[in-house]
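Each reported figure results from applying straightforward, stated rules to the coordinates on display, with no laboratory input. Remember, it's a predicted structure, so these values are computed and weren't measured experimentally. Backbone-built Cβ (ideal geometry, glycine too); neighbour counts: all protein chains shown.
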Amino acid sequence: MELTIHQAFLPHTDHEASLAFYRDTLGFEVRNDVEYQGLHWLTVGPPGQPGTSIVLHPPFADPGITEEERRVVAEMMAKGTYAGINLATPDLDATFQRLQAGDAEVVQEPTDQPWGTRDCAFRDPAGSMIRIFEVRAQDPASPA
């Protein structure tokens with residue numbers, strides 16, 4: 001079986017702030033921007049990877065969501081515990097500097113983790129955790 005990641009979903013509550021963050025700060029391409037009854041579904045993705053996208057969606061658009069569920073989701077989004085995504089870059093320090101200069105909310109500066117990963121973390125305008133891992137291209141001469 002061959003599977004790839006096509007889309008991941010993250011909530012957003014402010015179309016313009018999300019557009020500015022994902023397009024202008026992260027440098028993602030806008031693939032689709034759909035408005036329906038005042039709500040926006042925004043699809044973005046990394047340049048050069050047309051088959052992989054993030055769909056930023058209004059978290060309360062589901063007509064079956066209760067008021068209690070709305071409250072819990074809103075509280076979790078405010079704390080940054082509702083949703084997140086992990087991204088990768090070959091140069092974590094340069095990526096961190098660019099995001100920090102773009103006024104992204106820093107959660108964690110680049111850190112060497114005890115399990116061998118080097119990463120940093122930001123929050124997007126809706127509070128979702130964006131972790132960025134440093135992943136270096138493997139030397140073609142070394143074994144996989």
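Here are the numbers for the structure shown:
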read-out	value
Those residues of the stretch 41-54 which are in contact (Cβ under 8 Å) with a residue 12 or more places away in the chain and within 18 Å of THR25 (Cβ to Cβ), in sequence order	LEU42, THR43, VAL44, GLY45, PRO46, PRO47, SER53, ILE54
Unmet requirement for GLY102, which otherwise passes all of (1) under 26 Å from HIS6 (Cβ atoms); (2) touching a residue at least 60 places away in the same chain (Cβ under 8 Å)	(1)
Residue in the stretch 51-63 that is closer than 16 Å to MET129 by Cβ and of a type in the set (Ser, Thr, Tyr) present	no
Residues within the stretch 102-119 that are in a strand (DSSP E or B) and more than 13 Å from ARG136 (Cα to Cα), tallied	8
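Yes or no, residue by residue, for (1) in contact with a Cys (Cβ under 9 Å, 6 or more places away or on another chain); (2) among the small types (Gly, Ala, Ser):
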| residue | (1), (2) |
| --- | --- |
| PHE28 | no, no |
| ASN32 | no, no |
| GLN37 | no, no |
| GLY51 | no, yes |
| ALA61 | no, yes |
| LYS79 | no, no |
| TYR82 | no, no |
| ASP103 | no, no |
| GLN108 | yes, no |
